[in-house]
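Only one structure is covered here, and it is reproduced in the block below.
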């Protein structure tokens with residue numbers, strides 16, 4: 001290498017040599033994951049109910065399930081796009097995909113999933129409101145093809161699983177964030193989907209059969225109990241990794257995150273569990289709707305705490 005080359009090589013400019021301060025993934029990403037859990041959870045729980053019960057026992061499920069999922073998924077996709085610094089570049093995920101990237105694979109799966117849910121919504125809604133379809137002259141065509149709903153639904157259910165969990169892989173890829181461990185986060189995101197999926201359907205189950213409502217109550221009780229156990233295991237027994245201990249110190253030592261975490265546990269897990277267990281013995285629809293609402297609030301607070309505290313530890 002000649003002297004001129006050496007001189008040129010020494011002209012590099014350091015633009016960033018310290019960790020970015022503060023929270024980078026904030027409320028937008030929390031809302032993103034929360035909405036995704038709703039959008040996928042109603043599909044997973046709805047599929048279980050349709051397997052267990054006749055659709056006549058749940059008269060509004062076939063169109064309300066994809067409607068809730070459609071709204072939640074579009075909130076998820078909207079805030080994913082808004083959070084990007086260069087949102088227009090997202091088109092490259094589809095034009096020039098890199099299949100080794102969890103973000104690329106997740107974006108494709110989420111887009112296909114949303115498209116199929118939209119198709120289910122159109123068919124289900126026109127089945128539920130045939131007079132509207134008759135006015136616009138397409139009800140006969142769609143109703144003749146209503147079997148398409150049953151053909152599409154299995155693919156939607158299969159896609160719901162990776163779509164609800166792939167964010168855990170992205171989080172686990174973040175360096176020096178040992179609290180975001182892939183196996184635990186995958187399971188927690190699956191539990192979250194069952195939690196808010198069952199909570200969403202509880203709110204629309206007024207005219208369902210008692211057996212279907214009981215299954216919803218049982219799903220909520222089991223999912224919040226198992227998720228709570230995982231959180232407690234990580235909270236009390238994550239003492240082998242120094243970085244995890246330092247992260248959880250933001251919760252253990254009191255303050256804002258201590259209050260937020262335990263509010264999440266009480267609202268999203270403890271209250272719904274005891275209400276659901278009581279309702280299994282003697283059904284109380286009003287209390288179950290209250291439990292569903294607290295589940296939504298608690299899950300959001302839990303996601304926010306678990307997302308933000310690992311970002312409080314400086315990386316340099």
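Numbers at a glance
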{"item": "Test for residue 239: is it surrounded by fewer than 16 Cβ atoms within 10 Å (Cβ to Cβ), in a loop (DSSP other than H, G, I, E, B) and at pLDDT below 90", "result": "yes"}
{"item": "Conditions (1) surrounded by fewer than 14 Cβ atoms within 10 Å (Cβ to Cβ); (2) at negative phi: number failed by residue 255", "result": "(2)"}
{"item": "Sole exception among (1) surrounded by fewer than 19 Cβ atoms within 10 Å (Cβ to Cβ); (2) in a helix (DSSP H, G or I); (3) modelled with pLDDT under 95 for residue 248, by number", "result": "(1)"}
{"item": "Cross-chain or 6+ apart pairs with Cβ under 8 Å, region 95-106 first and under 14 Å from residue 169 (Cα atoms), then exposed (fewer than 13 other Cβ atoms within 10 Å of the Cβ)", "result": "104/98; 105/99"}
{"item": "Among residues of region 85-110, those that are farther than 24 Å from residue 193 by Cβ and part of a loop (DSSP other than H, G, I, E, B), counted", "result": "7"}
{"item": "Residue check, residue 224 without any contact (Cβ under 8 Å) to a residue 60 or more places away in the chain and crowded, with 16+ Cβ neighbours inside 10 Å", "result": "no"}
{"item": "Residues within region 83-117 that are at pLDDT 75 or above, surrounded by fewer than 16 Cβ atoms within 10 Å (Cβ to Cβ) and within 24 Å of residue 38 (Cα to Cα), tallied", "result": "4"}
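The values are calculated or read from the model by the stated rules, or taken from the named source; none is laboratory data. Source: prediction; values computed, not measured. Note that each Cβ is placed from the backbone with ideal geometry, even for glycine, and that neighbours are counted across all protein chains shown.
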